[in-house]
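See structure below.
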Ligand SMILES: *Cc1c(COP(=O)(O)O)cnc(C)c1O
């Protein structure tokens, strides 16, 4: 398993992250456990910010909080000077609860409810990224009621296909997201938005996909955005102050994943933008980007305790752990691949190829197919790398499994940032109607 950030193997032959022995973390907090390398998250934030500073352009780096949205993370991101993307009232609530400055919050999503729009307007968020005509007019009407003017970007679909898994490609034409640039609806959206009295059109947005390892897609999308901006300026007299190129920067999950240094993505985007806008004699807008996975993905490691194993000679050996698709649905959803190691015997030589199964009642509940490990025994501590993004965020209570705790580790200190769910969390929202009460009471031990 590749060792990210501060991960290393210590004198006892244990995996250590942020100066904390993972055996001790497992003993103290239980498993499954999400361990987040705080120094690495901060490093990633700084890489983006520094690359933009070097470009000399005005910018905002907005962390796409959907990758991992909890209050401590919002605090950390604020300390690092980033902005924050939210896509629901729940994420907005989390950010506000954490004291995140509302003016640095951007609200995304293809179906914002009237309630969410009101909540965001009342909070005074920085910007709405408007996805469709329904929302544009709804937002104008609600802003009018509230005697406010909503700052917006229009989300455009540039028709650029990023090279990635089909389910996580959002920039192509057949998409539920955004205004189509090729059939005139993006142009019409600008026309309408610039006439609406309670809308302040700042600029345009695109997001071409996820887990992208090349700069070409961003360059291409950037060029289409620039072409659009110049056409809009000459035909409508509207000049954009902001161009947002979204997120999607790839990270390393397994060998063969070849992410570029964060600075390379930023450099490619900013140089391209700068040269094109300058050559069109267009005042260079602020450039915004929205990394999610690349901020938190490789800083997360999940620790599991190995339980049962099942060896089918000549077929496969299954090794089951105390978690699975409930804490990491990505392999089941996207056939995502992960690397693992035995955290308690990190120096032992690989001896067998096994497949890591979860404990849910689904044959598809597999975390890793075919991973080389030392001889695995019940009680071993298995570490799975790069689980920082879209793991806790996508976790469920399927089979009524309680969501694991999350800890930040740094300089030998471990702090719980999300508590392990309790049985009360599991049944707390259940209601037994009166007509069912007697039996339910009788079955209570
Ligand atoms: C999901 C998303 C992001 C972040 O994507 P990552 O792949 O996590 O970087 C950014 N912008 C928008 C609009 C998104 O939907």
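Read-outs: derived from the displayed coordinates by stated rules, not from any lab. All values reported here derive from a predicted model rather than from experimental measurement. No Cβ is skipped: glycine too gets one built from the backbone with ideal geometry, and neighbour counts run over all protein chains shown.
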Would you list the P(r) distribution for the stretch 117-274, with all Cα-Cα distances sorted into 10 Å bins from 0 and each bin expressed as a whole %? 11, 37, 32, 17, 3, 0
Among 221, 120, 143: highest mean-square fluctuation, GNM of the chain, C-alpha pairs under 10 Å: 143
By how many nm would the segment from residue 421 to residue 10 lengthen if fully extended, with 0.36 nm per residue of separation less the alpha-carbon distance? 144.9 nm
Compactness relative to 2.2 N^0.38 Å, alpha carbon Rg of the stretch 240-324: 1.83
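What 222 nm value per residue comes from the helices of the chain, counting each DSSP H run with n ≥ 4 as -39,500 (n - 2.57) and dividing by all residues, nearest 500 deg cm²/dmol? Kindly include the intermediate steps, with their values, before the conclusion.
Values: 13 runs with 138 residues, N = 445.
That calculation yields -9500 deg cm²/dmol at 222 nm.
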If the elastic network links every pair of Cα atoms under 10 Å, which of 411, 21, 311 fluctuates the most in the Gaussian network model of the chain? 311
Cut-off 10 angstrom, C-alpha nodes, Gaussian network model of the chain. Which of 187, 218, 128 fluctuates the most? 187
Binning at 5 angstrom from zero up to the longest distance, how are the C-alpha pair distances of the stretch 307-445 distributed in percent? 2, 8, 15, 18, 17, 14, 10, 6, 5, 3, 1, 0, 0
Segment residue 400-residue 147, length gained on full extension (0.36 nm per residue, minus Cα span): 86.5 nm
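FRET efficiency for residue 231 and residue 93, Cβ-Cβ distance as r, R0 = 41 Å, nearest 0.05?
Working: r = 39 Å, r/R0 = 0.95.
Efficiency, rounded to the nearest 0.05: 0.55.
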Applying a 10 Å radius around every beta-carbon, put 340-350, 294-304, 414-424, 381-391 in order of their mean neighbour count, most first. 294-304, 381-391, 340-350, 414-424
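Subtract the Cα-Cα distance of residue 43 and residue 280 from 0.36 nm times their separation in residues, and report this length gain in nm to one decimal.
Roughly 81.8 nm would be gained on extension.
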Euclidean distance of C-alpha centroids, the stretch 246-321 and the stretch 399-416, integer Å: 22 Å
Three-way shape call for the stretch 1-117 based on the alpha-carbon gyration tensor, with the a/c threshold at 1.5: oblate
With angles folded into 0 to 90 degrees, how steeply does helix 185-195 sit against the dominant principal axis of the chain? Use alpha carbons for both and round to 10. 60 degrees
For the stretch 219-274, just the Cα atoms, rotate onto the principal axes and tell me the three extents in Å, largest first. 49, 16, 16
For residue 54 and residue 375, what is the calculated FRET efficiency with R₀ set at 41 Å and r taken between the beta-carbons, to the nearest 0.05? 0.25
Using only Cα atoms, locate the centre of the stretch 65-133 and the centre of the stretch 178-218, then give the distance between them in Å, rounded to an integer. 19 Å
per DSSP, antiparallel bridges as share of beta bridges in the chain, % nearest 5, sits at 45 percent
What relative contact order, as a whole-number percentage, does the stretch 301-393 give when Cα pairs under 8 Å and 6 or more residues apart are counted? 40 percent
Say each of residue 411 and residue 257 gets a label point 7 Å from the Cα, pointing the same way as Cα to Cβ; how far apart are those two points in nm? 2.9 nm
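Can you list the equivalent-ellipsoid semi-axes of the chain, largest first and in whole Å, using the square root of 5 times each Cα gyration tensor eigenvalue?
Details: eigenvalues 339, 144, 77 Å².
Sorted largest first and rounded, they come to 41, 27, 20 Å.
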Under the definition of Cα pairs under 8 Å and six or more residues apart, what whole-number percent is the relative contact order of the chain? 19 percent
